[in-house]
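The numbers here are math on the coordinates, done by the rules we state, and not lab data. Note that the structure is predicted; figures quoted are calculated from it, not measured. Cβ atoms come from the backbone with ideal geometry, glycine included; neighbour counts cover every protein chain shown.
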Amino acid sequence: MLFDSHAHINDPRFDGDRHEMIQRALEGGVKWILVPGASLESSVSGVALTKAYEFVYAAVGVHPHEAKTMDDMTLEMIRGLAKSPKVRAIGEIGLDFYYDFSPREIQRIWFKRQIQLARSLDLPVIIHDRDAHQEVFDMLVAHGAFDHGVIMHCFSGSRELALDYVKKGAYISLAGPVTFKNARKAREVALAVPLDRLLIETDSPYLTPEPFRGRRNEPDYVRFVAMAIAGIKGISFDELGEATVTNTKRALGIR
């Protein structure tokens, strides 16, 4: 059994076959899926999916790309959505200094505000960090995020930074890139991070793992992430799957 801890199955690219895609995942051993929010609209649709499927959970929040769309009313609407019984985190939130689709100062403001929201609700945060590694870490420390739980989605930092996060009690989630032949950094992270701090994800429909790289990603493919990490750590697929299910449930407060 596997838990895809981060899959945008509400993405328009699944509009033509969403139910069939979810059934493929179930048949392939994916028993739980978490749908993260990236905007107010996707947070709403993610919560709707939790009502349609018993095994689907959600996070709500606004991605740094969309930070420029945020205002106080949007934040309050996110707060309302977060009270839905199957919403288990605020996210994905963070900083993205690679694309800079929103001005950096605006990203910082709404990252801080959403961390504060998560703290007020006693929910963990799911973090998007691209080319802002030290600043993201420092902001999480400064605003007390580790007291309520931190999940580093599709971690792309160094082995050393991953271990700094682990020391703070965070979880490190790895996705399709760990299967790529040139993914030295991701493999180093997979080897170094203790098994009880690892999560797996697809980030569907993005970051498709080998051997399907270049196609639309979907939760059924999380098994290839699991196989790659199990091989790196020298453990069985079943051991990796069981550990990451336990970790994800613990991180998200799912019983």
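Of note:
- Cα shape, region 100-236, gyration tensor, a/c 1.5 rule: prolate
- Values of log10 I(q)/I(0), in the order q = 0.27 Å⁻¹, for region 47-102 under a Debye, Cα-only, solvent-free model: -1.03
- Contact order normalised by residue count of region 54-128, Cα under 8 Å, 6+ apart, percent: 40
- Pairs of Cα atoms farther than 20 Å apart, region 93-168, %: 24
- Along the axis of the charge dipole computed for the chain (Cβ charges of +1 for Lys and Arg, -1 for Asp and Glu, origin at the Cα centre), the listed residues I232, A89, P211 are led at the positive end by I232.
- This model, with +1 at the C-beta of Lys and Arg and -1 at the C-beta of Asp and Glu, gives region 1-51 a dipole about its Cα centre of some 140 debye.
- Exceeding the 32 Å Cα-Cα cut-off - candidates K83/K167; K112/K249; K181/K249; K68/K233; K31/K68; K83/K168: K68/K233; K31/K68
- Dipole size of the chain about its Cα centre, with +1 on Lys/Arg Cβ and -1 on Asp/Glu Cβ: approximately 360 debye, rounded to the nearest 20.
- With the helix formula -39500 (n - 2.57) applied to DSSP H stretches of n ≥ 4, the chain reaches a computed 222 nm mean residue ellipticity of -13000 deg cm²/dmol.
- For region 3-138, Kirkwood radius (reciprocal of mean inverse C-alpha pair distance, Å): 15.1
- Highest-MSF residue in the chain out of A58, A186, A132 [GNM, Cα springs under 10 Å]: A132
- If R0 is 22 Å, the Cβ-Cβ spacing of E239 and L191 corresponds to a FRET efficiency of close to 0.90.
- Relative contact order, percent, the chain [alpha-carbon distance under 8 Å, six or more residues apart]: 20
- Fluctuation leader among L123, L174, L191 - the chain, Gaussian network, Cα springs under 10 angstrom: L191
- Sites T69 and K181, calculated FRET efficiency, Cβ-Cβ separation with R0 25 Å, nearest 0.05: 0.10
- Directionally averaged projected area (convex hull, Cα atoms, region 2-252), nm²: 11.9
- Inter-centroid distance (Cα atoms) of region 91-149 relative to region 185-255, Å: 23
- Contact order relative to length of region 123-255, as percent, for alpha carbon pairs under 8 angstrom and 6 or more apart: 20
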